[in-house]
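Notes follow once the structure below has been shown.
The values are calculated or read from the model by the stated rules, or taken from the named source; none is laboratory data. Every value quoted in this text rests on a predicted model; they were computed, and no experiment measured them. Backbone-built Cβ (ideal geometry, glycine too); neighbour counts: all protein chains shown.
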Amino acid sequence: MKIAVVGTGYVGLVTGTCFAETGNDVTCVDIDVTKINKLTNGEVTIYEPGLEKLFLRNLKEERIHFTTDLSVAVKDAVIIFLALPTPPGEDGSADLKYVLGVANDLGKIIKPGDYKVIVDKSTVPVGTAEKVKDAILKSAGQVEDLEGAFDVVSNPEFLREGVAVEDFMKPDRVVIGTNSERARKLMSDLYAPFVRQGNPVIFMDERSAELTKYAANSFLAAKISFMNEIARLCELLDADVDMVRRGIGSDDRIGKRFLFPGIGYGGSCFPKDVQALVKSANDVKYDFKILSAVMDVNEKQKTYLIPGIKKYFNNELKGKKFALWGLAFKPNTDDIREAPALYIIDALIKEGARVSVFDPEAMNNVKKLLGDKIEYTESQYATLTNADALIIATEWNEFRTPDFSKIATSLKNKVIFDGRNLFDLAAMRELGFYYQSVGRAVVFK
Ligand code: NAD
């Protein structure tokens, strides 16, 4: 099948590559000329495990192409995916300017007679499929001619950065919102190779599909904020959140996943999607109380380690140097959007401290954002030289079993603030570290 993917970021590139992998002829389009040039020349523009191999194979087989020209990309395409940004607008609602801008352009390109399915893969509020349809018809200017020449389908994406290729190739479920039989058939055929093991393709109306994505992300964000509040309570009541987590996670109704406390959720999805759902609810005069609390808890959680750090150093952080491990909002990605590490860095700099950082993949993105405000090192251990304490912000696997003797000898003080609960309390006690984590007892020498 001939497919176009509009927007070649995290979702668009993975989507395009995976559809090419199952034999489709894919053209990805983006307005970012540098990005398109790099991709055309075989350079993958994001870090995502497993993506490069798949990408290069399909580029070589000429099943995936790149262009900056929307009309070239969609000319022969039967299905056009919109994988465009939907950032938060000033009032918290999802800003649809990219999606509707492209819809507007499509209205000028699509011709009567060549049937196309336009798919919203971006996370968009309820009612967007109708808005996209209206925008296309309006810009075409010949409403009667284009009626029936296209359908707009909602197909929200559930991939997780860090395991995006795996998630896309073997999705737990595929949600497709459409009332058009013709579009339904094409989408079924396209996704058939991805659900051979029997995972469901769930068909529904467009509006329910749009809401499904927000409901999923908001539920997961609520699970995280809930555990972060339990962690705070554990500290106040002298309980251990690790024990509580295990105790509740073995209940099938609760489940073991997403119960780890930490320094809050970040990334390009949870923060903006929870906010956008609250706004959608407000628009129809519904006060979504739980989600407002979820956002509030998360906001405070991002700088959760700071009071403990200040207390340890008697409120005197000026001139102190901190080593920070982990910048990405989660492991196995270079994405730093809304990363808790950035909030920690900001708080430390405001206190007059210096910060030396290391992340296996996200350093370049942080350099672009923060420049020489902080120091970048080549390895996790190089951050430690002359540092007063180590802070851990992302749970990369390589941070889980570090060389503690190197840490002890490089740091000025044997002090670790761990926002991801990577280490065992008894082991840290044995090693003689001052160790503060989340929802567990503070280990003193
Ligand atoms: P992204 O910022 O990585 O990529 C968006 C791309 O669109 C960029 O390359 C940008 O240059 C391009 N673009 C902007 N305007 C364009 C235009 N007019 N024509 C062509 N290209 C244009 O964003 P993303 O993380 O891939 O997210 C895309 C959508 O998918 C969002 O709605 C997001 O909420 C949703 N989503 C993201 C994830 C995720 O994990 N990143 C998961 C599920 C859903």
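Here are some notes:
- Single residue of the stretch 16-38 satisfying the filter (under 13 Å from Arg63 (Cα atoms), part of a helix (DSSP H, G or I) and in contact with a strand residue (DSSP E or B) (Cβ under 7 Å, 6 or more places away or on another chain)) that is nearest to the ligand (Cβ to nearest atom): Gly16
- Scanning the stretch 60-87 for residues that are without any contact (Cβ under 8 Å) to a residue 60 or more places away in the chain and assigned to a helix (DSSP H, G or I) turns up Lys60, Ser71, Val72.
- Filtered residues of the stretch 98-124 (kept if surrounded by fewer than 20 Cβ atoms within 10 Å (Cβ to Cβ) and near the ligand (Cβ under 9 Å from one of its atoms)): Tyr98, Gly101, Asp105
- Taking (1) within 16 Å of the ligand (Cβ to nearest atom); (2) within 21 Å of the chain's Cα centre (by Cα) in turn, Gly127 satisfies each apart from (2).
- Identification of helices (runs of 4 or more DSSP H) wholly contained in the stretch 117-232 with 3 or more residues that are at pLDDT 95 or above and out of contact with any Phe, Trp or Tyr (no Cβ under 9 Å at 6 or more places or on another chain) yields 128-140, 181-191.
- Filter result for the condition that a residue is buried (at least 21 other Cβ atoms within 10 Å of the Cβ) and under 23 Å from Ile110 (Cβ atoms), over Glu161, Glu181, Glu206: Glu206
- Within the stretch 309-359, being in a strand (DSSP E or B) and either polar (S, T, N, Q) or within 16 Å of the ligand (Cβ to nearest atom) (or both) holds for one residue alone: Ser356.
The rows are residues; the columns are (1) within 23 Å of the chain's Cα centre (by Cα); (2) closer than 23 Å to Lys330 by Cα; (3) not acidic (Asp, Glu).
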| position | (1), (2), (3) |
| --- | --- |
| Cys18 | yes, yes, yes |
| Thr67 | no, no, yes |
| Pro88 | yes, yes, yes |
| Asp95 | yes, no, no |
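- Val44 vs. criteria in the same structural domain as Thr8 (by TED's automatic domain parsing), more than 22 Å from Tyr191 (Cβ to Cβ), surrounded by fewer than 14 Cβ atoms within 10 Å (Cβ to Cβ) and among the hydrophobic types (A, V, I, L, M, F, W, C): no
- Some residue of the stretch 152-163 being without any contact (Cβ under 8 Å) to a residue 12 or more places away in the chain and farther than 27 Å from Ile46 by Cβ: no
- Extreme residue, nearest to Ile263 (Cα to Cα), among residues of the stretch 281-298 that are among the β-branched types (Val, Ile, Thr) and not in a loop (DSSP other than H, G, I, E, B): Val297
- Candidate set: the stretch 88-97, residues that are in a loop (DSSP other than H, G, I, E, B) and of a type in the set (D, E, K, R); chosen: the one nearest to the ligand (Cβ to nearest atom): Asp95
- Conditions (1) crowded, with 20+ Cβ neighbours inside 10 Å; (2) within 15 Å of the ligand (Cβ to nearest atom): number failed by Asn58: (2)
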